[in-house]
Each structure stands twice: as structure tokens, then as C-alpha cells.
Amino acid sequence: MKTFLRKMIIFIAPLGIILLPFIALISSHEIFINCEKIAKSKKPYVFGLAYSEVGRQFKFLNVQEKEAFHILSVGSSRVMQFRSAMFNKSFYNAGGTVQSIGEFEYFLRSLPKSKLPKIVIMGIDQWMFN
């Protein structure tokens with residue numbers, strides 16, 4: 001019986017070593033996170049994930065779910081320098097949500113008419129034209 005248990009442990013140990021990081025990411029809510037639930041939340045929150053790339057989805061859901069913003073900045077990460085303190089009206093920075101020229105139109109058409117901003121700051125980079 002001891003040899004059987006020893007062989008089972010040796011057989012299962014590599015699987016456990018492989019699954020351990022995955023289990024840690026699930027238990028820390030780093031992956032399989034419900035962005036919709038957070039975006040619809042009325043509570044203040046700070047959102048940032050170390051190992052997941054759901055920032056684009058999360059920012060789009062924020063623009064859809066929150067009140068209509070007067071000014072919206074859309075583009076690559078270069079527009080992320082804009083801050084709400086720079087403007088007198090309501091502002092939201094959706095930097096990093098758009099990766100190509102075609103995605104600008106898709107992003108704005110996907111918003112409900114009531115959520116369309118009055119002013120859109122579009123950050124267009126040279127590599128988007130490729």
C-alpha cells in the first residue's frame with residue numbers, strides 16, 4: 001500500500017505543480033472576473049489587474065453603464081495622460097480601448113445614442129494606419 005501511495009504522489013505531483021498557479025489566480029479573482037458586475041456597481045472602486053487584459057472591455061462597459069460623459073478620450077495608451085482635472089465638464093478616459101482605425105467607429109457606434117459624448121478626443125497613432 002505504501003508503494004502504491006508513493007507512486008500516486010509521484011504521478012500526481014507534476015499535475016499539482018502545474019495547477020497551483022492557476023488555482024492561485026482563480027482564488028485571487030485575477031482571472032474569470034465579472035467586469036459587468038464591477039462596472040454596474042455604485043460603490044467607488046479601484047480596478048487594476050496584474051495578469052489579465054480586460055482593461056478594454058472594462059472601460060467600454062464603464063462608458064456604457066455610467067452617466068453620459070460630456071468629454072470622452074478614445075485611442076491607444078497615448079491618450080491616457082488626459083485627466084478629469086483638465087476639463088470643466090464630465091470626462092472619461094477610455095485610452096487603450098482602440099487598437100486600429102476601424103475600432104474607433106465600432107466603439108462609438110456600439111454606444112447607445114444617450115451615451116454619446118459631446119466631445120471626443122481621438123488619439124490616432126501612425127501605426128494604426130498599417
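Residues of the stretch 87-103 that are in contact (Cβ under 8 Å) with a residue 12 or more places away in the chain and in a loop (DSSP other than H, G, I, E, B): F87, K89, S90, G96, T97, V98, Q99, S100.
For P14, are the conditions met, namely being free of Cβ contacts under 8 Å to residues at least 12 places away in the same chain and assigned to a loop (DSSP other than H, G, I, E, B)? No, not satisfied.
Across the stretch 62-86, the number of residues qualifying as in a helix (DSSP H, G or I), over 19 Å from G102 (Cα atoms) and open to solvent by less than 30 Å² (accessible area, probe 1.4 Å) comes to 1. The criterion of being modelled with pLDDT under 85, out of contact with any Leu (no Cβ under 9 Å at 6 or more places or on another chain) and either closer than 30 Å to R109 by Cβ or surrounded by 13 or more Cβ atoms within 10 Å (Cβ to Cβ) (or both) holds for F47. Comparison of E30, E65, E105 shows that the only residue that is among the acidic types (D, E), more than 15 Å from the chain's Cα centre (by Cα) and on the phi < 0 side of the Ramachandran plot is E105. Restricting attention to the stretch 108-129, the residues being of a type in the set (F, W, Y) and either touching a strand residue (DSSP E or B) at 6+ places or on another chain (Cβ under 6 Å) or at pLDDT 90 or above (or both) number 0.
The values are calculated or read from the model by the stated rules, or taken from the named source; none is laboratory data. These numbers were taken from a predicted model, which means no experiment stands behind them. Note that we place each Cβ from the backbone using ideal geometry, even for glycine, and neighbour counts take in every protein chain shown. Each accessible area value is taken on the protein alone, full model and side chains, heavy atoms only, with ligands, DNA and RNA left out. Shrake-Rupley method; radii C 1.70, N 1.55, O 1.52, S 1.80 Å.
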